[in-house]
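Undergrad: My structure is below; once you've seen it, I'll send some questions.
The values are calculated or read from the model by the stated rules, or taken from the named source; none is laboratory data. Computed from a predicted structure; not experimentally measured. When we count neighbours, we look across all protein chains shown, and the Cβ atoms used for this are built from the backbone with ideal geometry, even at glycine.
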Amino acid sequence: MGQLDNQTAIVTGGGTGIGFEVAKLFHQEGANVVLSSRKEEVIVEAAGRISSDQSRILCVRADIAEEQDVIELMQRTKQWSGQIDVLINNAGSNRINKPPEETSLAEWKSVMDTNVTGTFLCCREAGKVMIPQKSGRIVNISSLSSFIVNKYFHGGSYEVSKSAINMLTKVFAVEWAPHNITVNAVAPGYYGTQPNIDFFSKEEGLSEKVLDMIPMKKLGDLEELCGFLLYLATNKTGYMNGTTIPLDGGYSLW
């Protein structure tokens, strides 16, 4: 038996990176998995890599910064499986790596609209299904940059947006605790994802500099991260609520 048998899990940004890996693991653990992304072709391709049997996979194109897209994502999921048990809010906008004085309002808003408003909308609409169920697990993907000003980036929009996710996590956790819904967040550090690989390639020796800032002197393991997300999605963590857990090898301790 899988740890998520007969449960339905939505993974936003489910076509690549952390989202894809956690969706694959959840499917292996018996869940009905809903993959969401702004690019339909990405999640359709990802679904094929997860399983040749598509009976427990639904692909829904959605831009989480758009209210109607999020409403339709939750409605289609409810129509497909009758329930929403787990929501992994993984979709997000990458940082605008510019000094604040060079960051336009449009650039600032593009990050806030996806990371903050998108997370709010997904929680809100999933909650409308979870509250009548009297159960649900929501996990928001924050960042180590929600705790610190990252010396290798400029601008602050990403850091501010991820800090806001930590507070949204607390607010929803308190509001929905009476409905047996838990809301937690994880704050990953540097893992071997494509955005980090692209980042390291921009400057010779940058990966070594970053590793030197990590007390454990290594990148995180995606399998380990996804295993922790699975743990948060199960009833084994029913008394953990409103917490943001750093998974960064100690980077944010400096």
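Undergrad: Which pairs have Cβ atoms under 9 Å, sit 6 or more apart or on different chains, and link a residue in the stretch 1-13 that is without any contact (Cβ under 8 Å) to a residue 60 or more places away in the chain and more than 28 Å from residue 41 (Cβ to Cβ) to one that is assigned to a strand (DSSP E or B) and not acidic (Asp, Glu)?
TA: 6/32
Undergrad: Can I ask one more? Could you list all residues from the stretch 121-149 that are surrounded by fewer than 21 Cβ atoms within 10 Å (Cβ to Cβ) and under 25 Å from residue 191 (Cα atoms)?
TA: 147, 148, 149, listed by residue number.
Undergrad: Just to be sure, is residue 131 hydrophobic (A, V, I, L, M, F, W, C), more than 18 Å from the chain's Cα centre (by Cα) and at pLDDT below 95? Give the steps one after another, and end with the answer.
TA: On the way: hydrophobic (A, V, I, L, M, F, W, C): yes; more than 18 Å from the chain's Cα centre (by Cα): yes; at pLDDT below 95: no.
Answer is no for this residue.
Undergrad: Considering only the stretch 73-104, how many residues are assigned to a helix (DSSP H, G or I) and closer than 15 Å to residue 119 by Cα?
TA: The number of residues fulfilling the criteria is 2.
Undergrad: Checking residue 14 against (1) outside any helix (DSSP H, G or I); (2) farther than 21 Å from residue 233 by Cα: exactly one of these is not met. Which one?
TA: The failed condition is (2).
Undergrad: Name every residue in the stretch 17-33 that is touching an Asp or Glu at 6+ places or on another chain (Cβ under 8 Å) and either of a type in the set (S, T, N, Q) or in a loop (DSSP other than H, G, I, E, B) (or both), in order of residue number.
TA: 29, 30, 31
Undergrad: Let me ask something additional. In the stretch 163-212, which residue that is among the small types (Gly, Ala, Ser) and under 19 Å from the mean Cα position of the chain (by Cα) is farthest from residue 114 (Cα to Cα)? Can you show your working first?
TA: The initial filter retains those residues of the stretch 163-212 that are among the small types (Gly, Ala, Ser), namely 163-164, 173, 177, 185, 187, 189, 192, 201, 205, 207.
Among the residues that remain, those that are also under 19 Å from the mean Cα position of the chain (by Cα) are: 163-164, 173, 185, 187, 189, 192.
Values: 163: 14, 164: 12, 173: 21, 185: 16, 187: 17, 189: 20, 192: 23 Å.
That would be 192.
Undergrad: Scan the stretch 110-126 residue by residue and report those that are farther than 12 Å from residue 70 by Cα and either out of contact with any Ser or Thr (no Cβ under 9 Å at 6 or more places or on another chain) or small (Gly, Ala, Ser) (or both).
TA: If the condition is that a residue be farther than 12 Å from residue 70 by Cα and either out of contact with any Ser or Thr (no Cβ under 9 Å at 6 or more places or on another chain) or small (Gly, Ala, Ser) (or both), then 110 is the only one that fits.
Undergrad: Just to confirm my filter: which helices (runs of 4 or more DSSP H) fall fully inside the stretch 162-254 and include at least 3 residues that are within 27 Å of residue 109 (Cβ to Cβ)?
TA: 194-200
Undergrad: Something else about it: Could you tell me which numbered condition residue 117 fails, if it satisfies all but one of (1) assigned to a loop (DSSP other than H, G, I, E, B); (2) under 14 Å from the mean Cα position of the chain (by Cα); (3) surrounded by fewer than 20 Cβ atoms within 10 Å (Cβ to Cβ)?
TA: (1)
Undergrad: Given (1) under 23 Å from residue 98 (Cα atoms); (2) in contact with a strand residue (DSSP E or B) (Cβ under 9 Å, 6 or more places away or on another chain); (3) surrounded by fewer than 16 Cβ atoms within 10 Å (Cβ to Cβ), where does residue 179 come up short, assuming only one miss?
TA: Single failed check for residue 179: (1).
Undergrad: Go through the stretch 96-149 residue by residue and tally those that are farther than 30 Å from residue 79 by Cα and among the small types (Gly, Ala, Ser).
TA: 6
Undergrad: Taking the stated definitions as given, is residue 110 among the hydroxyl-bearing types (Ser, Thr, Tyr) and at pLDDT below 95?
TA: Working: among the hydroxyl-bearing types (Ser, Thr, Tyr): yes; at pLDDT below 95: no.
No.
Undergrad: On to the next question. Looking at the stretch 138-151, can you tell me whether even one residue there is over 20 Å from the mean Cα position of the chain (by Cα) and modelled with pLDDT under 95?
TA: First, the residues of the stretch 138-151 that are over 20 Å from the mean Cα position of the chain (by Cα): 149, 151.
Now narrow it down to the ones that are modelled with pLDDT under 95: 149, 151.
Within the stretch 138-151 (the criterion being over 20 Å from the mean Cα position of the chain (by Cα) and modelled with pLDDT under 95), the answer is yes, since at least one residue qualifies.
Undergrad: Take the residues of the stretch 85-107 that are touching a helix residue (DSSP H, G or I) at 6+ places or on another chain (Cβ under 7 Å) and polar (S, T, N, Q): which is farthest from residue 29 (Cα to Cα)?
TA: The selected residue is 103.
Undergrad: It is to be established whether one or more residues within the stretch 154-169 are among the aliphatic types (A, V, I, L, M), more than 29 Å from residue 247 (Cα to Cα) and crowded, with 19+ Cβ neighbours inside 10 Å.
TA: no
Undergrad: Follow-up. From the list 83, 28, pick out the single residue that is surrounded by fewer than 16 Cβ atoms within 10 Å (Cβ to Cβ) and at pLDDT 95 or above.
TA: Only one candidate passes the filter, namely 28.
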